[in-house]
Amino acid sequence: MTVNIQFLLYLESFPDFSMGKKVVPVELDEGSTFGGLLKELERSFGSALAQEAYDQQKQSLQDNVLAIINGVLSHNLDGSDTVLRQGDTIIFVPLITGG
């Protein structure tokens, strides 16, 4: 199955991932979870992306990154256990702080 991934703000600057595209299709096995997608992104697109978005020890998103799956925050669904479906859109958004 194919899901569509989009990274916003500074996360979209990873050239190994986006190759200049705004939305990147990612192939997953049928029944894959959001946690499985995170591991696949780490495996496929390298440690720089994983370092910014994925906490390897916790096997979850970094605390400063939100994921929106089809318009709903992943933590309002089943988090890493959320089952993905063909055509789902997952948007990764870094939290910006400052003053």
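Checking the structure you have, find out if any residue of segment 21-36 is within 12 Å of the chain's Cα centre (by Cα), within 18 Å of LEU9 (Cα to Cα) and of a type in the set (A, V, I, L, M, F, W, C). Reasoning before the result, please.
Keep residues of segment 21-36 that are within 12 Å of the chain's Cα centre (by Cα), which gives 23-26, 33-36.
Subset that is within 18 Å of LEU9 (Cα to Cα): 23-24.
Checking which are of a type in the set (A, V, I, L, M, F, W, C) leaves us with 23-24.
Yes, some residue in segment 21-36 is within 12 Å of the chain's Cα centre (by Cα), within 18 Å of LEU9 (Cα to Cα) and of a type in the set (A, V, I, L, M, F, W, C).
How many of the residues making up segment 50-95 are among the acidic types (Asp, Glu) and at positive phi? I'd like the intermediate steps shown before the answer.
Filtering segment 50-95 down to residues among the acidic types (Asp, Glu) leaves 52, 55, 63, 78, 81, 88.
From what's left, at positive phi: none.
Result for segment 50-95: 0.
Each reported figure results from applying straightforward, stated rules to the coordinates on display, with no laboratory input. Keep in mind that this is a model prediction, so the values were computed, not measured.
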